[in-house]
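One structure is given below, encoded as structure tokens.
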């Protein structure tokens, strides 16, 4: 009952949003004097200006809410409506559903939500908050997770300090993330996560489904509704690192069900079909796929720079396979290892460069064999990642009023060697059989 009441409060007050159809946004002086496309926006009763790729060129003179004030708005909103929040971080200044917004990610307990991303079951505990830079409004969630209804109005806030360089370092949209894929030593790709060889990798427990009894569904927009038809939580452990121009990946899972790793050529959140390159892992092997332009077509569309809501997409086998090394082996757990180039000539593969921001997400099926996306396919949260490094900026705010000594990723086995973990599990299984 207590959880139900909490979730109903979240329905009414929490502006949870991912960026469907997101585009880059830039603070500029006098956009009217540059080569740009002017469009009248009734929301603001003025013209907004765009470059030839649809990115926003926002006149600095129009901005009413600074990042400093936006930070205060987020903290005040969380304090007032969800005092047990743990931390939030500024991700980017962005254009989403036609609104120039400061985008934040917040970690709060007991929150599970879903919205329309395409085929399958999608649920996440990552809460994204948006503050409109022109109005100070907080926005509800819409189709694909983009901003929708106005829930709270902070337009009376002062402007604060307009530190443009902090918001837009090096004149580029900033996507802050704690998921940095590091440079590392070349591992042996043999289907074993051997002692020490992945210690220099980024390690992440990726979750599917939820342990919450109910979650809030926002569908394609409107007020959220409680639902309870999602699968029980599962997880895999993901290891990633860069060696030369190659991305090395290892995945460890307790389940024999097929797994997918999706890669996106830009960092904006959105629909499943926005991803391009997909690696499918089964007990029979690892294969290269891509997500097509829509669910009724095998055609691939280059999606970098477009940031569109491609919706569903369809998984199609990529005949120009770029998997240079693959291996899988059952040894108490199902282990998959692979390597492929970061930057590829094939338009259906990734086109990644160091120090840039992109996104990944994972899929899990309901059977060992892979036969395409179905309503039972589970999709993890969308993770913004950076390759090799990220500039140091103080973009994370912690709640000093709550105990943060626990690990938010509570299912993590830590940095322990996977072989030792497997061996320990097998010993326990053997001991238990003696007493049965």
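Residues 247, 78, 151 in ascending order of nearby Cβ atoms (within 10 Å, fewest first): 151, 247, 78.
In segment 182-217, which residues have a backbone nitrogen under 12 Å from the label point lying 7 Å from residue 243's Cα in the Cα-to-Cβ direction? Only 184-191, 194, 197-201 pass the distance filter. Is the shape of segment 243-300 rounded, prolate or oblate, going by the alpha carbon gyration tensor and its root eigenvalues a ≥ b ≥ c, with a/c under 1.5 for rounded and a/b larger than b/c for prolate? Oblate is the answer for segment 243-300, as a/c is 1.5 or above yet b/c matches or exceeds a/b.
Taking 7 Å steps out from each Cα toward its Cβ at residue 60 and residue 228 produces label points 5.5 nm apart. To the nearest 0.05, how large is the calculated FRET efficiency for residue 200 and residue 320 if R₀ is 41 Å and r is the Cβ-Cβ distance? So, using R0 = 41 Å, E works out to roughly 0.85. The slack in the chain from residue 153 to residue 369, taken as 0.36 nm per residue of separation less the alpha-carbon distance, amounts to 72.8 nm.
Each reported figure results from applying straightforward, stated rules to the coordinates on display, with no laboratory input. Keep in mind the model is a prediction, meaning the values are calculated, not measured. Cβ sites come from the backbone with ideal geometry, for glycine too, and all protein chains shown count toward neighbours.
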